[in-house]
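Okay, so here's the structure we're looking at.
The values are calculated or read from the model by the stated rules, or taken from the named source; none is laboratory data. Worth saying up front: this structure is predicted, and the values here are computed from it rather than measured. Ideal geometry is used to build each Cβ from the backbone, glycine not excepted, and the neighbour counts take in all protein chains shown.
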Amino acid sequence: EAEVAQSPRYKITEKSQAVAFWCDPISGHATLYWYRQILGQGPELLVQFQDESVVDDSQLPKDRFSAERLKGVDSTLKIQPAELGDSAMYLCASSLGRAGGPLTDTQYFGPGTRLTVL
Amino acid sequence: GNSVTQMEGPVTLSEEAFLTINCTYTATGYPSLFWYVQYPGEGLQLLLKATKADDKGSNKGFEATYRKETTSFHLEKGSVQVSDSAVYFCALSEKRGGSNYKLTFGKGTLLTVNP
């Protein structure tokens with residue numbers, strides 16, 4: 001069964017350092033999402049891509065966070081500089097994102113990257 | 001805007017007990033509704049889905065029925081197992097044009113099943 005891949009699974013960094021997370025969606029999925037999940041809460045959308053274009057980055061702290069999906073396949077989320085409050089699980093998800101059909105909007109999640117900022 | 005409200009946990013049950021986790025939503029239009037499950041240290045896994053009123057989603061013994069009249073999507077299981085211990089998230093999918101959808105999650109309900 002196809003899965004969303006993420007790496008690394010765990011990352012420990014010191015504040016003010018740069019960190020990057022990678023996501024490879026399910027093959028053929030046009031839409032890719034990055035979420036942040038703080039312990040004990042539900043995921044919150046940071047950025048959404050349709051192919052290589054950003055369709056929603058309204059909740060992305062753009063002074064320190066950036067995301068790209070240059071070829072419309074895999075994606076990288078970067079934080080620079082990291083702050084203590086960035087400690088969280090970062091989840092990537094993908095969906096078919098093509099018009100029509102019951103699976104268009106179903107999102108499939110990767111295992112996440114647990115970030116700890118010291 | 002759209003929102004999802006789940007019963008607050010934690011919920012603690014004995015093995016083979018009946019489970020209900022309540023979920024209600026507020027939405028414009030006709031969203032799809034989802035239940036996701038998250039095991040400790042892992043990402044979210046899709047548990048079940050319903051796309052229109054009166055649809056019943058089911059998987060691994062879990063069921064939920066899309067009730068438009070009560071704007072609810074309660075999760076049920078007749079006999080829980082220790083392996084069902086996890087956090088359960090209710091979510092709705094809002095269409096924002098074309099093939100652009102956004103998921104809105106509830107805060108999650110922690111379920112612990114004791115042997």
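Only residues that are in a strand (DSSP E or B) and buried (at least 17 other Cβ atoms within 10 Å of the Cβ): list them for the stretch B:68-78, please. Those that are in a strand (DSSP E or B) and buried (at least 17 other Cβ atoms within 10 Å of the Cβ): B:Ser72, B:Leu75, B:Lys77.
I'd like to know if the stretch B:66-74 contains one or more residues that are touching a Phe, Trp or Tyr at 6+ places or on another chain (Cβ under 7 Å) and in contact (Cβ under 8 Å) with a residue 40 or more places away in the chain. Looking for residues that are touching a Phe, Trp or Tyr at 6+ places or on another chain (Cβ under 7 Å) and in contact (Cβ under 8 Å) with a residue 40 or more places away in the chain, one finds at least one in the stretch B:66-74, hence yes. Listed conditions (1) part of a loop (DSSP other than H, G, I, E, B); (2) more than 18 Å from A:Pro43 (Cβ to Cβ); (3) not polar (S, T, N, Q) are all met by B:Glu42, apart from (2).
Residues that are in a strand (DSSP E or B) and of a type in the set (Gly, Ala, Ser) were ranked within the stretch B:1-39; the one that is farthest from the other protein chains (Cβ to nearest Cβ) is B:Ser14.
Conditions (1) of a type outside the set (D, E, K, R); (2) more than 12 Å from the chain's Cα centre (by Cα); (3) within 27 Å of B:Val4 (Cα to Cα); (4) surrounded by fewer than 13 Cβ atoms within 10 Å (Cβ to Cβ), marked per residue:
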{"position": "A:Glu3", "(1), (2), (3), (4)": "no, yes, yes, no"}
{"position": "A:Ser16", "(1), (2), (3), (4)": "yes, yes, no, yes"}
{"position": "A:Trp22", "(1), (2), (3), (4)": "yes, no, no, no"}
{"position": "A:Gln48", "(1), (2), (3), (4)": "yes, no, yes, no"}
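Put simply, of A:Thr31, A:Thr76 the only residue that is surrounded by fewer than 20 Cβ atoms within 10 Å (Cβ to Cβ) and either in contact with a strand residue (DSSP E or B) (Cβ under 6 Å, 6 or more places away or on another chain) or among the aromatic types (Phe, Trp, Tyr) (or both) is A:Thr76. Would you confirm whether any residue within the stretch B:36-52 is in contact (Cβ under 8 Å) with a residue 60 or more places away in the chain and within 19 Å of B:Asn114 (Cα to Cα)? So far as the stretch B:36-52 goes, yes, one or more of its residues are in contact (Cβ under 8 Å) with a residue 60 or more places away in the chain and within 19 Å of B:Asn114 (Cα to Cα). Taking (1) loosely packed, with under 15 Cβ neighbours inside 10 Å; (2) in contact with a strand residue (DSSP E or B) (Cβ under 6 Å, 6 or more places away or on another chain); (3) modelled with pLDDT of 95 or more in turn, A:Ile38 satisfies each apart from (3).
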